[in-house]
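Read the structure below first, then the notes.
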Amino acid sequence: MSFWAVSRGLSPPGATSKVAPMLNPNQRQFLEDEMRLREKMKLMARGDTNAMDDMYLRKPETVDDPLELDKHDSFYQTTKSLLVLFQIMGVMPIHRNPPVKNLPRTGYSWTSRQVMWAIFIYSCQTTIVVLVLRERVKKFVTSPDKRFDEAIYNVIFISLLFTNFLLPVASWRHGPQVAIFKNMWTNYQYKFFKTTGSPIVFPNLYPLTWALCVFSWLLSIGINLSQYFLQPDFRLWYTFAYYPIIAMLNCFCSLWYINCNAFGTASHALSDALQATIRGEKPAQKLTEYRHLWVDLSHMMQQLGRAYSNMYGMYCLVIFFTTIIATYGSISEIIDHGATYKEVGLFVIVFYCMGLLYIICNEAHYASRKVGLDFQTKLLNINLTAVDAATQKEVEMLLVAINKNPPIMNLDGYANINRELITTNISFMATYLVVLLQFKITEQRRSQNTSTTIT
C-alpha cells in the first residue's frame, strides 16, 4: 500500500521515511493505467456518467490483426520492389509470412525457399567471380613490368571481388535482425494509425523506389562498360562478375536513402499530429501515446544500423580503400606519364565511391535532424502558458525522452553515420595520400640522381 500512497503524493502511516520508487516508462504507464481504472470504477459506483466520458483510458494491448497490419503497412507496399530485387539478387532473402495471428509479418528462415534461391544465385555468381579472380591474379603476378596504373586497376578490381565472399557473413547472418526492423515498421504504422486516427503517407516513395532499382543496375552496367573501354586488358566477360557486385552496392545505398527519407516523413507526420492534439481539449493524456511513438521511431533508426551493420561497415571499408588506391594511382601516373584516358577511369571510381559515401552520410544526417532537432524545436515552440499543468509536464517528459534517446544512426557500435564521417574519411585519405606521394617523389628523385650519375 505504501507504493500506491507514495505514487499519489501521500505519506502512509509508519512509512514516512520511505523514498518514492523510481519508475521506468513501462512501470509508470502501468501505474497510470491502474490509477485511471480505479478512478473510473469509483465514478461508475457513484453513477457520474459525464465524468466517465471525459476520462481518458488507454486501449488495452491486443494481438493485432495481420490483415489490418497489411492494410496500413504502406511502407512495405511502396518499397516492395527493392525487397523483391534483393531476393532475386540473393542479397537479403527475407520473406513475408502468411497472415496468421501471433506470427510476425516478415520473417527469416534458413530453410525458406528465398534462402535456397539465394544460395543458388550466390553459387553461380561465385563461380564467375573465382574465374575472373584467377585471371586477375595471374596477370598481376606474371606481368611485373606493366605500367603502374594497370597494377592499380588490378588491385582495385581484385579487392572488389572479395566483397562477394563476405556476402553470407555480412548479410545473410543478419537476416533475423533485418526481419525485426521490417516488423518494427509494420507495427509502428498501425500503432500510429490507432493513436492519431490517420495513416502515415509516403508521397512519391513508390515511383522513387522503382526508379532507384532500375538506376542501380543501369549505373552498374555503365561503370563496368566504361572500365571495359578505358582498360585494354579488361575483357568483356569480366564485367559479368562485377555487374551484381556494383549493383549490390548501389542497391544498399538506395535502401539507406529510402529508409532515411521514410524516417523524416514519419517524424513530420507525428509532429503534425502532436500539434493538432495540443490545440484540442485535454491533450495531456494523449501526449503519453505520442511520446511512446517517438521513442519507437528512435529505436527503429537504431535498429536500421544494427540490422545492416556488417554490410554498411564493409561498404565504408571498400569505399575507403578503393578511393585511396585510385586517387594515388591516378596522381602517380599523371606525375610519371601525364594525363591519359586511363586516369579518367580511376577518377570515375573515385567520384563514384565518394558519391556513395556522401549520400549515406548526408541522408543519415538529415534523418537524425528531422527526428531529433526539428521535432524538439517544434516542442520548444509550444506556448506552455496556454495549456494546463498536466500538458506542460507531458511536453517536458517528451523533451527528456528525446534527450535520453537521441536518434543516432549507428552501425551497432562500430561507427556513427553522419556528416562527420565524411570529413573524417577525407582527412584520413589525405594523410595516407601525402605519405604515399612522399615515397613516390623520393623514389623518383633517387632514380633521376642514379641516371645522372651513370651519365
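The values are calculated or read from the model by the stated rules, or taken from the named source; none is laboratory data. Everything numeric here is computed off the predicted structure, so don't read it as measured data. When we count neighbours, we look across all protein chains shown, and the Cβ atoms used for this are built from the backbone with ideal geometry, even at glycine. Note: areas computed on protein heavy atoms with side chains; ligands, DNA, RNA excluded. Shrake-Rupley method; radii C 1.70, N 1.55, O 1.52, S 1.80 Å.
A few remarks follow.
- Relative contact order of region 89-170, defined on C-alpha pairs under 8 angstrom at six or more residues apart (%): 25 percent
- Taking amide H atoms as placed 1.01 Å from N in the peptide plane, the amide H of Ile417 lies under 5 Å from those of Met409, Asn410, Leu411, each 5 or more residues away in sequence or on another chain.
- Area of Lys138 that stays accessible when all protein chains are in place (1.4 Å probe, Å², to 10): 130 Å²
- Our note on the geometry: Cα centres of region 75-127 and region 218-269, 20 Å apart.
- The value of relative contact order for region 195-287, using C-alpha pairs under 8 Å at least six residues apart, is 35 percent.
- Note, ³J(HN,Hα) from phi for region 169-186, Karplus 6.51, -1.76, 1.60, rounded to Hz, x at Gly and Pro: 6, 7, 10, 4, 4, 9, x, x, 5, 5, 4, 4, 4, 5, 5, 5, 5, 4
- J(HN,Hα) series, region 118-133, from Karplus relation 6.51 cos²θ - 1.76 cosθ + 1.60, nearest Hz, glycine and proline x: 4, 5, 5, 4, 5, 5, 5, 5, 5, 4, 5, 4, 5, 5, 5, 4
- Vicinal HN-Hα couplings computed from phi for region 105-116 (Karplus, 6.51 cos²θ - 1.76 cosθ + 1.60; Hz; Gly/Pro x): 5, 10, x, 9, 9, 5, 9, 6, 5, 5, 5, 4
- Heavy-atom accessible surface of region 64-132, averaged per residue, reaches 50 Å², computed with a 1.4 Å probe.
- Accessible surface of region 66-453, 1.4 Å probe: 65 percent of it comes from carbon and sulfur atoms.
- Exposure ranking of Tyr108, Tyr308, Tyr228 by accessible area [1.4 Å probe, largest first]: Tyr228, Tyr108, Tyr308
- Label-to-label distance, Lys80 versus Ala45, with points set 7 angstrom from Cα along the beta-carbon direction: 5.4 nm.
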